[in-house]
Each structure stands twice: as structure tokens, then as C-alpha cells.
Amino acid sequence: MSPRRTLPLLPVQGTGSTAPAPAVVERLHSLPLQTVDDIRAAFPGLPVEEIPAPGHFQNLRVLTTATCAMRCGYPGDDTMWCHNEGLDRNGVQDADLDAMRATVARIRHDRDITQVTLAGLEPRLNDDFVRFIAHLRADGIEKVSLVSHGLKLLPWLDRLKDAGLSDVVLSVQAFERQAYADIMGHDAFPNVLQVIDHAATIGMPIAINRVLLRGFHQDIPGCLDWIDHRRLRVRLYDVMWMPRQDAQWLRNHISWQEITHLWADRTERITVWTYGLPGRVNIVWWLHGGASVETNLNHPRTQHTAPVCQRCRVKDACLEGWMGCGIRITPDLKAAGCVLRPDLALPLATPDGRYVEAARLDTYLAGTDHLT
């Protein structure tokens, strides 16, 4: 197996961020599927159901740490494509979970939040984290999800489930062992399979996140067979362009739109729902056996509905948009609207414990009060 790579840390991107190269913009804007009508026209034999959705994501994405053992990067290149949730990797202290709990409770009360996603970079698994999940559920959060690479997850799954964890989203960037190690920098694919098998044993729902890379997508048919047997969902994402990575992105980018033929014949129906902010369309392709593939129509041309996005210098290549994964709370208790613009993060509390005023938070979340 390939040895674990030591890659340079990706610096936090802020006011010094560079705009995308014209070739990046041209490729993204040439993708043919931009709207739900485009989906209907491209797949006329498949029924498409539009599901009503709120105007924005109604969940909190809670980041408890800025550390991660994985180094998800372009194979053969010491460059990480991972956006690090917009954080300076290893540059922010782990969250004070009591303070985070209070912050979640405040936002939940003000904005009727019912779901929390615990992301990372890679949540630190310990007794305090287990209690944090139990506290969130006791505080009225109906669904608590965990995003993880699964590296140390196996011995904790039972306790996390007992504490109230609702489901796990595993980041699995390849379904072949060598490719997994080459992309993620760690030979841990057998461990991921063990996590998935044990989750099935204890009744823990699992979904899989996968970022597509050109030359490393040939295993998708086998992956579809694998999820079909287990009736799982795999989410296929286009690799996100990052500032100062134009050449690497252009060499490695492949969109899910280029490989829909791999699952279109397996699909019996499509469901879509659109979030007004950030203007993102989620698509679920329901396969005949009960498994599903999820993709996003996160196209720069149609996505950036927030005023802050319309004025942003990187909007022509941004695949997330403002509040693209819900309200993101960083370990140092800031609201972060975009992984490419951490310079726009808003502190949610002062050092003496006073929370930001509700009206100020409202304008921030709407993306209406920034100069970019």
C-alpha cells in the first residue's frame, strides 16, 4: 500500500483569494444540466417528482474540531482538494462543547432548528463527544448526524447510537483499496467496510459521500452494485475548485453529469428539491433495487442567489453558495456562510458571553450585509 502522505496544509482563504482561471469558469459553465427542466429533458423516460423544500437549509452544521488524519488530495500531487470546511487546518482549537451546546440551543430556539450535522474536520471521538450528542437530543434536536472518514469510528458506534446518533455519513473517496489510499492518504479502506457492516448489524443508517476525480471513477459501476445489494445511498460530488488550484482542478475534474449513463438505466424515478438559498437543487436517483444516488445541481450560473454571492470575486467557480450546507458553526463559535470566504465569518458570541443580536444574525444568514 502507498505510505501515508504528508501534504502541506491548505492555508485559510480570505481577502487574498484569487479568482478562477477562465478555463475553470468555461468548463463549469459548459455543463449541460443547470435546472430541473434540463433534467426532465435529458431523461424523458424517468418520472421526476419535485418535493417542496424550505427556502434554506434548516439544519446546523456543527464543526467541533479543525483537525483530520486524512489528506484528501489529487493523486500524485501534493495538493489537497479538501476545502477543510473553510478552516485553517490545525489552526483552530477544538470546540468547548458546553459553549457549543449553548450556542446550538440559542440558534435552535430563534430559528426552529431540528437537525444538527456534526462535521469536522473529523470529530474527535471521546466520552465528551458522546455526552454532547446525548445533550443535543435532550435539548430537543430531533436528528443528529455524523460526518466521518470512519478511521476510529468502529469501537464507538454502539455508544454513539445509544447516545442518540441518528445516522452516519461516511466519506469514501474510492471503492478500491489502492485508489482509496492514493486519494485519502491513508490505507483504511478495509476499516470502512467493517464500519458499514457493523452499522448494518446495529441498525445505524449509513450514507456515503464521494468526490469524483477523473481517472479514479472507473469503480463506480462496482460501487453501484455494492450499494444496491445493501440498499444504501451514495452522494456523488464534483470536486470543488479552490483558489490557486486551477491547474490541478482542470486535470482532475470530472462532473457527475458526464457519467449519468452508469446509473440512468438502473433508475426507476427521480426526486428533486430546491433550496432558495443557496439556489441549490438536490437530485435523488432511485435505483430499482432500493439503493439511491444523490447529486447536486450546484451550478455557478444559477446558484448564487444571495447578494453576497452576486458580488463575490470567486462566484463563477463556487460550487457551494451562501449557506450551501446549512448554518455552519465553527469550533471557535462563528457562523460561516461559505467555505471559500472564511473572512466573512461572524462571531456568534463575545468573550463575555453575549450573543449576537438576532437581527444581525438574520441579515448575515441572508447574505445581505457584506462588502466583498
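Points worth noting:
- Neighbours by Cβ (under 8 Å, 6+ apart or cross-chain): first from the stretch 227-239, closer than 20 Å to residue 83 by Cα; second among the polar types (S, T, N, Q) and not in a strand (DSSP E or B): 238/255; 238/298; 239/252
- Across the stretch 41-57, not a single residue is classified as open to solvent by less than 20 Å² (accessible area, probe 1.4 Å) and modelled with pLDDT of 90 or more.
- Unmet requirement for residue 183, which otherwise passes all of (1) surrounded by fewer than 19 Cβ atoms within 10 Å (Cβ to Cβ); (2) assigned to a helix (DSSP H, G or I); (3) under 20 Å from the mean Cα position of the chain (by Cα): (1)
- Count of residues meeting criterion [farther than 15 Å from residue 103 by Cα and either outside any loop (DSSP other than H, G, I, E, B) or touching a His at 6+ places or on another chain (Cβ under 9 Å) (or both)] in the stretch 340-366: 12
- Across the stretch 39-56, the number of residues qualifying as more than 24 Å from the chain's Cα centre (by Cα) and either at positive phi or part of a helix (DSSP H, G or I) (or both) comes to 3.
- Hits in the stretch 139-167 - residues which are in contact with a strand residue (DSSP E or B) (Cβ under 9 Å, 6 or more places away or on another chain) and within 29 Å of residue 78 (Cα to Cα): 146, 147, 148, 149, 150, 153
- Among the numbered conditions (1) at pLDDT below 95; (2) among the hydrophobic types (A, V, I, L, M, F, W, C); (3) under 18 Å from residue 207 (Cα atoms), the only one that residue 113 does not meet is (3).
- Of all residues in the stretch 229-244 being touching a strand residue (DSSP E or B) at 6+ places or on another chain (Cβ under 9 Å) and within 18 Å of residue 338 (Cβ to Cβ), the one that is most open to solvent (accessible area, probe 1.4 Å): 237
- Qualifying residue in the stretch 150-167 (condition: loosely packed, with under 15 Cβ neighbours inside 10 Å, in a loop (DSSP other than H, G, I, E, B) and over 20 Å from the mean Cα position of the chain (by Cα)): no
- Where residue 296 falls short, out of the listed (1) closer than 28 Å to residue 90 by Cα; (2) not in a helix (DSSP H, G or I): (1)
- Residue count for the stretch 305-318 satisfying the condition of being touching a Pro at 6+ places or on another chain (Cβ under 7 Å), surrounded by fewer than 24 Cβ atoms within 10 Å (Cβ to Cβ) and in a loop (DSSP other than H, G, I, E, B): 2.
- Residues within the stretch 205-233 that are of a type outside the set (Asp, Glu), over 19 Å from residue 253 (Cα atoms) and in contact with a Lys or Arg (Cβ under 8 Å, 6 or more places away or on another chain), tallied: 5
The values are calculated or read from the model by the stated rules, or taken from the named source; none is laboratory data. Keep in mind the model is a prediction, meaning the values are calculated, not measured. Quick reminder, even Gly has a Cβ in these numbers, built from the backbone with ideal geometry, and neighbours come from all protein chains shown. Note: accessible area is taken over every heavy atom of the protein model, side chains too, but ligands, DNA and RNA are not part of it. Shrake-Rupley method; radii C 1.70, N 1.55, O 1.52, S 1.80 Å.
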